[in-house]
Structures are given as structure tokens and as C-alpha cells.
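Scroll down for the structure; my scribbles are underneath it.
The values are calculated or read from the model by the stated rules, or taken from the named source; none is laboratory data. Please read all numbers here as calculations on a predicted model, not as lab measurements. Here the Cβ positions follow ideal geometry from the backbone for every residue, glycine too, while neighbour counts run over all protein chains shown.
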Amino acid sequence: MSVNEWAWWQKGIVYQIYPMSFQDSDQDGYGDLQGIIDRLDYLQSLNVDALWLSPVYPSPLHDNGYDVADYCGIHPLFGDLETFDRLLEEVHAAGMKLLMDLVPNHTSDEHHWFLESRSSRDNPKRDWYIWHDPGPEGGPPNNWLSHFGGPAWTLDEASGQYYLHQFDTHQPELNYRHPDVLPAMQEVMRFWLDRGVDGFRVDVIYRMVKDELFRDEPANPDWDGIFPFQSLIHCRTQDLAGTQKLVAQFRKVVDEYSDRVMVGEVYLPLDRLVRYYGRDLSGCHLPFNFHLLLCEWKASAVRRLVEEYESLLPPGGWPNWVASNHDRPRSATRVTPRQARVSNMLLLTLRGTPTVYYAEELGHESVDIPADVVRDPISLNLPELANSMGRDQARTPMPWDGTCQAGFTRSAEGPWLPLTPDYETINVAAQQERADSHLNLFRALTRLRRQAPALSVGDYSSLDTPYEEVFAFLRTHPGSDSYLICLNFGPRDLQLDVSCCGARAEIAVSSSMKRRGVVDLSGLDLAGAEGLLLRLCGPVEKPDLQ
């Protein structure tokens, strides 16, 4: 199968933009759509293929846009539909795709559907949401918990019933057992697909069906006593029977249009995650694989993860990988700044579609957020967990240069969240000037990935080495160069014998950006926290590999 026969979302790279934090064009301290347009040249220079926008819909912003008040509009903070259409047109003209963030599990409590639902028990939209009488003791109907702290139920005093919200109290959950809710959300999808968007990343797609008997969730015997949400096993509110049938109905809408993609947010064990490809691949094109975010940063652990995932993929299922996102600490914070280069090399050389979070190409770290400027509802509701579970730390403004406010804004009040304190040195302008920077490493990897079929759509096989710190694997594709990737997850310098892949290889990219030339594979030097991407000289005997 030639490279041209693969779908763009299989051979390409997805780049996630958090619009509030990317570029402010109107100097109000918040990023916006025009700011993204202004930075399209930069995005092109990264060799990414699709831009995924976190929500830009009208919203009261209790959860930074994941509380949607109107699915078919644009929040004035970001612009308007005319600006969105211009962004879409210019993204396409630049040879890239644009994905919207679809939030079908819940709306804002200011959405007109919920305002109608809440108006009376007799309103036709009452059962578009999940309402329930109080429990026997007069409190919430059951023990279900909110991810953001406290019960997953809020009492509506006017009607005497509780409504369900697994997240913020301002995010009531839609009831997909009602026959009118799915068609309404499908029309939302068509609204954006008709405008020309190239697909959706679908928020918490695995939580859209709940136990219709409203039974309590069992206690989690392995709870560590830290994050209250994890004190229960969520077998009544996620991954329930019927969820994948609902996902298939979403996919049907996407398939009405040519060359579109549906990506689903699924935080589940691998054996359950892969079910979201659907029967005969009728579900998500890409159920998000977040396991690199959760995996211990050890070569042996990452290798086991990759091999397990590859073994569980359904026939025709295409893998994908995520190393950072808007809900988790940044890679440089999670794996250390030195290992961040190794992390990027891993993400961009594994088989499957990589999703890159904005500023990861800079080695950007998470930023400490003072208590008086916290925006994240998890941190506001559970301040004792702000440092460990808070999400603002990974959502701070993009550092473009070393000038005042990092080139992100010229607002007199400053940006909506604090800048990284090292923005004067860790920024786009500074890294463009340094040949060995994180940014130029990222560009070298993405440029080669575009050029080399083995890296974009080729096969994967892992390789045994005598060192527990090393993860080595091979990428091959018929009729093209083969590549060996050697990643050192430890601090010590090592020498490898990988002559099973041939006698010699050429260094295509080194994580230090300082090593070049041909190397002897029987005595390959690998420095601490170094990654090497090697172009093999001659044929590869794959049967010798594990």
C-alpha cells in the first residue's frame, strides 16, 4: 500500500491548540481565532497536518468552554462565525485540516435546552437531561461523584428534583435515552461539517450513557485517599452497554462527508479502549490512547505498553499516541526537561497518529499558578489538590518571544493566566535561532516523518537490548529506507550492539541535534537521556527482532 493510499489522519500529525492561550490579536489578554490565523506560518513550519481547537463556542466559561451555551456559534472572546470561516479557509489554503472539539455529554446550564428543561417538570425538554427525585434520606439520589469534587447531583429547588453533572455543577448531562437528543446533536455535527471542518475530537465519549436504574457505584478498594472521585469504581457512569452503539451513530454522520475523522476521548484500560473502534471499525477512527500520559517513564514499561496496545488493536484499527494535553502536566514536567526530547522523539516515531499539545515543541514545562488567579474548577473546588491535579498549569500562554508578555498579548492587564517564568529564554524566537533547540529538533523529526514512509505508515517491531534503560524499535516500509530508533530513558552513557539490524547506519536525527554521520551498529554509543533516529544502510532481517 503506497503512502498516498493512506488517509491524511493516519499519516499526519495532529496539533492541539488551546485557543485562550495561543495568540491574542485584540489585546484583551485572551487568545482568539484571529491570533491563530496570524500564526499559521509558524504552524506550517512545524510540519503538522491538522489543528484541533479546544472549545470556542459561546459559554459562561465555568470550565473554560467545555460548558457549551450554544453549539452553533463562536464566543465573542474568540471572534465570530465570519472569523471562524476565514480561519478554516486559510487553514485549508495552508494545506492543513481543522478539527472542532465536540462536547456532547453535557451542556452549560445556560444552554436554551437546559433552560427549557429546568422551567417545569412538564416541559417537552425536561427529559433531555437526567433528572431524579431525592434519595430516601432527602439528599442526592445516589452516591455518584463529580470529577470536580462533591456529589454529581445538584438540587433544583423550584422543581424539587436533582440534575446530574459528572463535572461542574454548571454542566448538566444530556440524556441519550431520550429519542430526540441524539438527532439534535447529529444536527450540530452537520452544522460544522457543512461549513467544512474536517472532523471532531469528541469529549468524554465513553461517559454518555448512564445506569438507568441509578444504582450506587461500589467503593474502590485501591483508592489512595487523595482524589475523591477515585474513591468509587465508576461502573454505572462510564463505558456502559449501549455506549458504542451511540458512538456508531455519531460516526454515521461523519461518514456522510468525505475524508473526515472522528477522534474520541476515552480514558479506559487498553482492552476496553480498543472497543471504541467499533464493530467492523464503525466507531471512532481514533479512540484517543492516553496511556503514555499515565505510564511510568521507564523503557521497559513503555515497551510493554506499546506491545500490548499493538497486540490488542482490531484488524484495520490504526494506532494513535498522546504525550501531553490540556488536562495533564506537560511532558517536560512529567519526565524531566532532559527527557522531554526523548519523549518527543518517541511520540513522533511510534507507529500511529501522534497528537502534539501546543508548546510541547519548545520543551515548555507546566507553570505554578498562584491561588488568587486559579481558573480551573478542580483547583477551585479542591484547593488541596491544586498542585497535583490542577489543569491551569498546562494551559498557560504560548511564549512567542522574550519581549514583555512573551509576544502573546499587549493587554494592560496582562494575560489571562501567568506566563512561564523562563519565557525570556524558552520561547519560539529564541529557539528558532539555536540549531540545537527543542523546536528545531521537533521540526527535524516532523520533516523526516513526512519524507519517510517507514516513519509515517510503516510497520513497527521492538528490539531486545541488554540495558533496561533503552527502548529500541524498528520502522520499515516496502521500497523505502528503514529506521532504527534507540531511546535512552536513563542518565548513564551506554554502548549498544544492534548489529542484528546491519553493520552500519546513518544518524538521521539525534536528540541533541549535534551528532551526524555513519555509525557502527556493533558498538553504538548512546549518551544519557539521548535518542537516536538511525537510517539503516542495507536490508533489515526483521525475523531477528522481537
For this session: Residue by residue through region 140-174, note down the ones that are closer than 13 Å to Phe214 by Cα and in a loop (DSSP other than H, G, I, E, B).
Result: Pro140, Pro141, Asn142, Asn143, Trp144, Ala152
For this session: Considering every residue within region 81-96, establish whether at least one is out of contact with any helix residue (DSSP H, G or I) (no Cβ under 8 Å at 6 or more places or on another chain) and either in a loop (DSSP other than H, G, I, E, B) or not assigned by TED's automatic domain parsing to the domain that holds Val209 (or both).
Result: no
Exercise. Looking at Ile205, Ile226, which is the one that is crowded, with 18+ Cβ neighbours inside 10 Å and within 25 Å of Phe290 (Cα to Cα)?
Worked result: Ile205
Exercise. Can you name every residue in region 150-200 that is closer than 24 Å to Arg236 by Cβ, aromatic (Phe, Trp, Tyr) and either modelled with pLDDT under 95 or touching a helix residue (DSSP H, G or I) at 6+ places or on another chain (Cβ under 8 Å) (or both)?
Worked result: Tyr163, Phe167, Tyr176
Problem set entry | Answer residue from region 264-300, given it is small (Gly, Ala, Ser) and under 23 Å from Tyr357 (Cα atoms) and is farthest from the chain's Cα centre (by Cα) among those | Ala299
Exercise. For region 290-317, how many residues meet the condition of being in contact with a helix residue (DSSP H, G or I) (Cβ under 8 Å, 6 or more places away or on another chain) and farther than 17 Å from Thr336 by Cα?
Worked result: 9
For this session: Answer with yes or no whether Ser512 is under 20 Å from Leu346 (Cα atoms) and among the polar types (S, T, N, Q).
Result: yes
Exercise. What residue, of Asp122, Asp70, Asp109, Asp101, is of a type in the set (D, E, K, R), assigned to a loop (DSSP other than H, G, I, E, B) and buried (at least 22 other Cβ atoms within 10 Å of the Cβ)?
Worked result: Asp109
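Residue-wise test of (1) without any contact (Cβ under 8 Å) to a residue 12 or more places away in the chain; (2) surrounded by fewer than 21 Cβ atoms within 10 Å (Cβ to Cβ).
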{"residue": "Ala394", "(1), (2)": "no, no"}
{"residue": "Trp416", "(1), (2)": "no, no"}
{"residue": "Ala430", "(1), (2)": "no, yes"}
{"residue": "Gln451", "(1), (2)": "yes, yes"}
{"residue": "Ala454", "(1), (2)": "no, no"}
{"residue": "Arg475", "(1), (2)": "no, no"}
{"residue": "Leu484", "(1), (2)": "no, no"}
For this session: Determine which single condition Ser146 fails, assuming it passes every other condition in (1) in the same structural domain as Leu232 (by TED's automatic domain parsing); (2) under 26 Å from the mean Cα position of the chain (by Cα); (3) farther than 28 Å from Gln10 by Cβ.
Result: (1)
For this session: Look at region 385-414 and say how many of its residues are assigned to a loop (DSSP other than H, G, I, E, B) and closer than 30 Å to Phe227 by Cα.
Result: 6
Exercise. Of all residues in region 420-457, which are of a type in the set (Gly, Ala, Ser), under 30 Å from Lys11 (Cβ atoms) and in a helix (DSSP H, G or I)?
Worked result: Ala444, Ala454, Ser456
Problem set entry | Residue check, Asp80 surrounded by 18 or more Cβ atoms within 10 Å (Cβ to Cβ) and acidic (Asp, Glu) | no
For this session: Would you mind finding the one in Glu256, Glu265, Glu296 that is surrounded by fewer than 17 Cβ atoms within 10 Å (Cβ to Cβ), touching a residue at least 60 places away in the same chain (Cβ under 8 Å) and more than 19 Å from Glu530 (Cβ to Cβ)?
Result: Glu256
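When you scan region 41-51, do you find a residue that is among the small types (Gly, Ala, Ser), in contact (Cβ under 8 Å) with a residue 60 or more places away in the chain and either on the phi > 0 side of the Ramachandran plot or in the same structural domain as Ala412 (by TED's automatic domain parsing) (or both), even just one? Outline the logic, then answer.
Within region 41-51, the subset among the small types (Gly, Ala, Ser) is 45, 50.
Next, from what is left, pick out any that are in contact (Cβ under 8 Å) with a residue 60 or more places away in the chain: 45, 50.
This time we only want the ones that are either on the phi > 0 side of the Ramachandran plot or in the same structural domain as Ala412 (by TED's automatic domain parsing) (or both), so: 45, 50.
Checked region 41-51: at least one residue is among the small types (Gly, Ala, Ser), in contact (Cβ under 8 Å) with a residue 60 or more places away in the chain and either on the phi > 0 side of the Ramachandran plot or in the same structural domain as Ala412 (by TED's automatic domain parsing) (or both).
Results for (1) polar (S, T, N, Q); (2) buried (at least 24 other Cβ atoms within 10 Å of the Cβ), shown as yes or no for each residue.
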position: Glu307; (1), (2): no, no
position: Gly317; (1), (2): no, no
position: Ala323; (1), (2): no, yes
position: Asp327; (1), (2): no, no
position: Ser331; (1), (2): yes, yes
position: Thr336; (1), (2): yes, no
position: Ser343; (1), (2): yes, yes
position: Arg351; (1), (2): no, no
position: Ser366; (1), (2): yes, no
